[in-house]
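Enquirer: Sharing a structure here in structure tokens format.
Derivation of every value follows stated rules applied to the coordinates shown; laboratory data play no part. Since the structure is predicted, the reported quantities are computational estimates derived from the model, not experimental observations. Here the Cβ is made from the backbone with ideal geometry for all residues, glycine too, and neighbour counts use every protein chain on show.
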Amino acid sequence: LSVLAKLQRNPRLSNLSLNNIETTWNSFMKILQSIWNTTIEYFSISNVKLQGQLDFTDFNYFDTSLKTLSIQQVVSDVFNFPQSKIYKIFSNMNIQNFTVSGTRMIHMLCPSQISPFLYLDFSNNLLTDTVFENCRSLTKLKTFILRINQLKKLTNIVHMTKEMKSLQQLDISQNSIGYDDNEEVCFWTKSLLNLNMSSNVLTDSVFSCLPPKIKILDLHKNRIQSIPKGVLQLESLQELNIAFNSLADLPGCGTFSSLSVLILDHNVVSRPSADFFQSCQKIRSLKAGNNPFQCTCELREFIKNIGQVPRGVVEDWPDSYKCDYPESYKGTPLKDFHPSQLSCNTALLIVTVGATMLLLTVTMTLLCIYLDLPWYLRMVFQWTQTRRRARNLPLEELQRTLQFHAFISYSGHDSAWVKNELVPNLEKEDVRICLHERNFVPGKSIVENIVNCIEKSYKSIFVLTPNFVQSEWCHYEPYFAHHNLFHAGSDNLILILLEPIPQYSIPSSYHKLKSPMARRTYLEWPKEKSKRGLFWVNLRAAINIKLMERATEVSHTSNYSHPSS
């Protein structure tokens, strides 16, 4: 206080800041009073710790040069006096700019007479919707900041500010404000031009409760999904920020005829309207990046229109504008997305597909003639004859011909795994294996050897890898084995997935391979050695359980029993 008394004698001092102050409430008010009667115009006091009682009540507001007072980050012990004393002193200050921020203030009184306040910043406090309720003495106030408080209902805020006839800028961001369109009609003060309602819980209904002459509107980080049609015509709106919401499209400018700045990044815009730039011809800044764009034919026109607007109009282009779908284009910048004319022209596509199909039909016909189709028919006939002979065998003969537990079909590229892993682990448990390199009979055709081995085996094991699919040898085996199993009326097929096989890599013509893969449970070969013991247990159990069922079935049919293999 003695230092401030000396400062009073310095007529050239106009700006003073005090930081890190620890004092009593009475001394704090005396500091303010001493500043009031100096030449200081701008006074800021921050990081203040207060304690004790407040007996200072008669504040002298006369003869001051002060224009701006800022009080920030105040901590106080438990109040043991009515807080209304503080609010009364603050509310009647005859200055233009007043800030009380970060003080946990819970209320503020309405000035007792027409206040000279032009700027009020009450951010980061605990104020509720009742602040300045029915207050008619803030008619000169132009800027009011209530960011980070405890505001809840938009209609209460509308009611609070409607008597602020000069209010132009209102910041009520970072609260918990919501609006129900079933509530009373909104009548904002007509002077309001700049409104910040970001980081609240507002929905689409907020567009039915907006100031009629608003020029700048910030609604980012709310819960808006769309801008309803038929909303109030906001012909003066120039800047609209609706980033970080859930809008699926760019809004047209039918209701925002003066819109020049639109911020719409971080929404869910996937297919923006191609006519946006035609609808919003006054747009000089568009920020719509970081959206999940679907790079399809519908997006071509929008990308084309971006290229026709002046450079710099589309903010963050092209870095923040990337494809999210389809997967093949994910991460591709929109500027590099160039679908072919054929893929986007339905009529041209139909003609092209038709011509291609005709050409393909002719080609396939010629291939059937020149690639010896009779040879394929002869193979099928050979297999049918073999089945007929096997079906005519008596039961005793059928039992005698079942010589193996399993016939193994695999690609030559995977023979190392079959010979080093599969066969040794099965044969050490007395499982009899049929392999083409040691059990095919010389002199017989490949088809007949395959059919004979399958017919003499209880199970058919297929080792599935991409090499298996691509091997012409293995294309024959699943066809006949699967056909045989279906005719036998039992489930004797075991699929071992040695390597992953993408479904699209299997040609559609190989339906005898696609069908069992789609319908049956795989035994996957584990990469971790610790899991392989369980793999072998499952594989041997699948063979043995089936053998017992087969033996029992034969026993009941022939009325005699035979040892189970």
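Enquirer: Taking 7 Å along the Cα-to-C-beta vector as the label spot, tell me the Ile216-Asn94 distance in nanometres, rounded to one decimal.
Expert: Roughly 3.2 nm, to one decimal.
Enquirer: Measuring from label point to label point, each 7 Å out along Cα→Cβ, what is the Val75 to Cys344 span in nm?
Expert: 6.2 nm
Enquirer: Could you tell me the calculated FRET efficiency between Arg9 and Leu126, based on Cβ-Cβ distance and R0 = 25 angstrom, to the nearest 0.05?
Expert: Plugging the Cβ-Cβ distance into 1/(1 + (r/R0)^6) gives 0.05.
Enquirer: With a point put 7 Å past each Cα toward its Cβ, work out how far Lys531 is from Glu427 in nm, to one decimal.
Expert: 2.8 nm
Enquirer: Indicate, rounded to the nearest 5 percent, the antiparallel portion of the DSSP beta bridges found entirely in the stretch 211-352.
Expert: Within the stretch 211-352, antiparallel bridges account for around 10 percent of the total.
Enquirer: A follow-up question, please. If R0 is 35 Å, what FRET efficiency do you get for Asn26 and Ser112 from their C-beta distance, rounded to 0.05?
Expert: Between Asn26 and Ser112 the formula returns 0.95.
Enquirer: Can I ask one more? I'd like to compare 176-185, 251-260: which one has the highest average count of other Cβ atoms within 10 Å, and what's the full order after that?
Expert: Top to bottom by mean Cβ count within 10 Å: 251-260, 176-185.
Enquirer: Cut-off under 16 Å on the C-alpha distance; same-chain residues fewer than 8 positions from Lys282 excluded. Which lysines are left, in chain and number order?
Expert: Lys215
Enquirer: Shifting gears a bit: How much net charge surrounds Gln96 when only other residues with a Cβ under 11 Å from its Cβ are counted (Lys, Arg +1; Asp, Glu -1)?
Expert: +2
Enquirer: With a ≥ b ≥ c taken as the square roots of the eigenvalues of the C-alpha gyration tensor of the stretch 1-143, please select rounded if a/c is under 1.5 and otherwise prolate if a/b is larger than b/c or oblate if it is not?
Expert: Cα axes put the stretch 1-143 in the oblate bin.
Enquirer: Can I ask one more? With a cap of 13 neighbouring Cβ atoms within 10 Å, and only residues DSSP puts in a loop, list the trypsin sites (Lys or Arg not before Pro) found in the stretch 1-109.
Expert: Arg9, Arg12, Arg104
Enquirer: Does the stretch 240-304 come out rounded, prolate or oblate, given a ≥ b ≥ c as the square roots of the eigenvalues of its C-alpha gyration tensor, rounded meaning a/c under 1.5 and, failing that, prolate meaning a/b above b/c?
Expert: The shape class here is oblate.
Enquirer: Ok, one more. Provide the gained length on full extension for the span Gln51 to Ser260, in nm with one decimal, where the gain is 0.36 nm per separating residue minus the Cα-Cα distance.
Expert: 70.1 nm
Enquirer: Next question. What does the extension gain come out to for Ser176 and Phe440, with contour length at 0.36 nm per residue minus their alpha carbon separation?
Expert: Here the segment from Ser176 to Phe440 would lengthen by 87.1 nm.
Enquirer: Now for a different question. What residues qualify as long-range amide H neighbours of Leu18, i.e. H under 5 Å apart, gap of 5 or more or another chain, H built at 1.01 Å from N?
Expert: Excluding prolines and chain starts, which carry no amide H, the hits are Ser44, Ile45, Ser46.
Enquirer: Could you tell me how far the Cα centroid of the stretch 174-207 sits from the Cα centroid of the stretch 55-132, in Å?
Expert: 26 Å
Enquirer: As an exercise, identify the trypsin sites (Lys or Arg not before Pro) in the stretch 181-285 lying in DSSP coil whose Cβ has no more than 12 other Cβ atoms within 10 Å.
Expert: Taking the stretch 181-285 and a limit of 12 other Cβ atoms within 10 Å, the loop trypsin sites (Lys or Arg not before Pro) found are Lys190, Lys229, Lys282.
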